[in-house]
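The values are calculated or read from the model by the stated rules, or taken from the named source; none is laboratory data. Keep in mind the model is a prediction, meaning the values are calculated, not measured. So basically every Cβ, Gly included, is an ideal-geometry build from the backbone, and we count neighbours across all protein chains shown. Remember, those area values only see protein heavy atoms, side chains included, never the ligands or the DNA or RNA. Shrake-Rupley method; radii C 1.70, N 1.55, O 1.52, S 1.80 Å.
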Amino acid sequence: MTETFDIAIVGAGITGCAIARQLVRFDLSICVVEASNDIALGASKANGGLVHAGYDPAPGTVKAQVNTRGCELYGTWAQELGFLFCRTGSMVLGFNDEDRTHLEQLRRNGHVNGVPELSIVGPDRIHELEPRASADATCALWCPSTGFVDPFEVAIAAMENAVANGVTFMRSAPVEAIKVAGEASDGAARFTLATPTGDVSCRYLINAAGNGAADISHMAGAEEFQMVWRQGNIVVLDKEPRALMPLYPVPTPISKGVIVTGTVHGNTVITATAAVREPGDTQTYASDVNALLTGARKLVPDLDTRRVVRAFAGGRPVIQGTNDFFIGQSAVVPGLFQVAGIQSPGVASAPAIAERM
């Protein structure tokens, strides 16, 4: 049996759930098709929950645009959907003159990207803002708009809201094939998705399949691209009396580096490594965990890294050859909308990506 909808969204990660929540505001029939048996079990589950402010992406990129706007929207989304969101602010710590030069560049990036109230602060202000930050830090980029959420909670809240307003959610339904009609008349379905749970037909198709986005694009005869599995190990520490403000090192060209942050549940998270590994590798590696603990102690010397309660890993959906997001209607297959390569800062960007649809 084939069900027909106006829109089918492939992927129920935080991005797909946010898109469903946004589009349900319109008079449209919508189906979300998810390969796993629940939401947010791909890239969305393997991150530290940081809502990055938007000073890191290169100005002019799609990533920069949706990151800054998404961070701005989180306060409203939290109120409307009832999930926990702590806008604590953050600091990128610098330890020498070279670091300070990099912080100035981040501040300029942030200004161009529209990030509010960025400033470079010295040691006294650093320890006023976060007393546990390293006493060796000589300067920091202070960003009041950074915060953190529980990514599962955000995805669940968005999908619950969408389903309560009429969205159909299909779980355990990996897309095995996509048939695209050559020409469809107005109002007729153009795409038919074959899944083990049943076929889905739709007029418009949104590819939000995370690490599977290249496969969906290929099946639809759209853009050909390759995904890189940029694997990240993450460590969770036991709860602290007071949640730490997110503290970052000076970033590298491919990563924001080892970050120490509190969570909405009171734990401390150390996130994340960035190693290119075989697709699907979710193993934790001793060398990666040691790198996280060493990096964390540089930022917070008194952090008791013996209090590890969990270590886990996941893969960011990076498109080979670009460090940007791929968002927009396919130039090859009309009616197909690509939402691919949503790596970090995907959690922060989700509300803004949904707004673009």
Per the list (1) open to solvent by 30 Å² or more (accessible area, probe 1.4 Å); (2) under 23 Å from Ala208 (Cβ atoms); (3) out of contact with any Pro (no Cβ under 6 Å at 6 or more places or on another chain), residue check on Val149 breaks on (1)
List pairs: first in segment 239-252 and touching a residue at least 12 places away in the same chain (Cβ under 8 Å) and of a type outside the set (Lys, Arg), second open to solvent by 40 Å² or more (accessible area, probe 1.4 Å) and part of a loop (DSSP other than H, G, I, E, B), Cβ under 8 Å, 6+ apart or cross-chain?
Ala243/Thr88; Leu244/Arg132; Met245/Thr88; Pro246/Thr88; Pro251/Asp56
Scan (1) of a type in the set (D, E, K, R); (2) open to solvent by less than 30 Å² (accessible area, probe 1.4 Å); (3) outside any loop (DSSP other than H, G, I, E, B) for the single condition Lys298 breaks and write down its number.
(2)
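Quick one: which residue in Gly54, Gly48, Gly11 is surrounded by 19 or more Cβ atoms within 10 Å (Cβ to Cβ), modelled with pLDDT of 95 or more, closer than 22 Å to Gly314 by Cα and of a type outside the set (A, V, I, L, M)? Don't jump to the end; show me each part of the working.
On the way: Gly54 fails: closer than 22 Å to Gly314 by Cα; Gly48 fails: modelled with pLDDT of 95 or more.
Exactly one residue qualifies, and that residue is Gly11.
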Checked segment 67-102 for anything open to solvent by 30 Å² or more (accessible area, probe 1.4 Å) and assigned to a strand (DSSP E or B); matches are Phe85, Cys86
Do you know which residues across segment 194-215 are part of a loop (DSSP other than H, G, I, E, B) and either under 13 Å from Ile178 (Cβ atoms) or among the small types (Gly, Ala, Ser) (or both)?
Thr195, Gly198, Ala208, Ala209
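Of the residues in segment 153-188, how many are among the hydrophobic types (A, V, I, L, M, F, W, C) and in contact with a helix residue (DSSP H, G or I) (Cβ under 7 Å, 6 or more places away or on another chain)? Write out each step before concluding.
So in segment 153-188, the residues among the hydrophobic types (A, V, I, L, M, F, W, C) come out as 154-159, 162-164, 167, 169-170, 173, 175, 177-178, 180-181, 184, 188.
Within this subset, residues satisfying the condition of being in contact with a helix residue (DSSP H, G or I) (Cβ under 7 Å, 6 or more places away or on another chain) are 154-155, 157-159, 162, 167, 169, 175, 177-178.
Residues flagged as among the hydrophobic types (A, V, I, L, M, F, W, C) and in contact with a helix residue (DSSP H, G or I) (Cβ under 7 Å, 6 or more places away or on another chain) within segment 153-188 amount to 11.
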Segment 115-142: number of residues that are open to solvent by 70 Å² or more (accessible area, probe 1.4 Å) and either in contact (Cβ under 8 Å) with a residue 40 or more places away in the chain or in a strand (DSSP E or B) (or both):
2
Show the residue pairs that are 6+ apart or on different chains and have beta-carbon atoms under 8 Å apart, the first residue being within segment 26-54 and touching a residue at least 40 places away in the same chain (Cβ under 8 Å) and at positive phi, the second being of a type in the set (A, V, I, L, M) and open to solvent by 50 Å² or more (accessible area, probe 1.4 Å).
Ala40/Ile156
Subset of segment 261-280 (residues that are among the charged types (D, E, K, R) and either within 8 Å of Gly48 (Cβ to Cβ) or out of contact with any strand residue (DSSP E or B) (no Cβ under 6 Å at 6 or more places or on another chain) (or both)):
Glu278
Quick check on segment 216-227: of everything there that is in contact (Cβ under 8 Å) with a residue 24 or more places away in the chain and either open to solvent by 30 Å² or more (accessible area, probe 1.4 Å) or under 15 Å from the mean Cα position of the chain (by Cα) (or both), which residue is nearest to Ala35 (Cα to Cα)?
Met219
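Criterion first (in contact with a strand residue (DSSP E or B) (Cβ under 8 Å, 6 or more places away or on another chain), under 18 Å from Ser44 (Cα atoms) and open to solvent by 80 Å² or more (accessible area, probe 1.4 Å)) does Arg316 satisfy it? Quick ask: steps written out before the conclusion?
Values: in contact with a strand residue (DSSP E or B) (Cβ under 8 Å, 6 or more places away or on another chain): yes; under 18 Å from Ser44 (Cα atoms): yes; open to solvent by 80 Å² or more (accessible area, probe 1.4 Å): no.
Taking the combined requirement at face value, the residue does not satisfy it.
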Subset tally (residues that are in contact with a helix residue (DSSP H, G or I) (Cβ under 6 Å, 6 or more places away or on another chain) and in a helix (DSSP H, G or I)) for segment 327-354:
8
Which of the residues belonging to segment 57-66 are open to solvent by 20 Å² or more (accessible area, probe 1.4 Å) and in contact with a helix residue (DSSP H, G or I) (Cβ under 6 Å, 6 or more places away or on another chain)?
Pro59
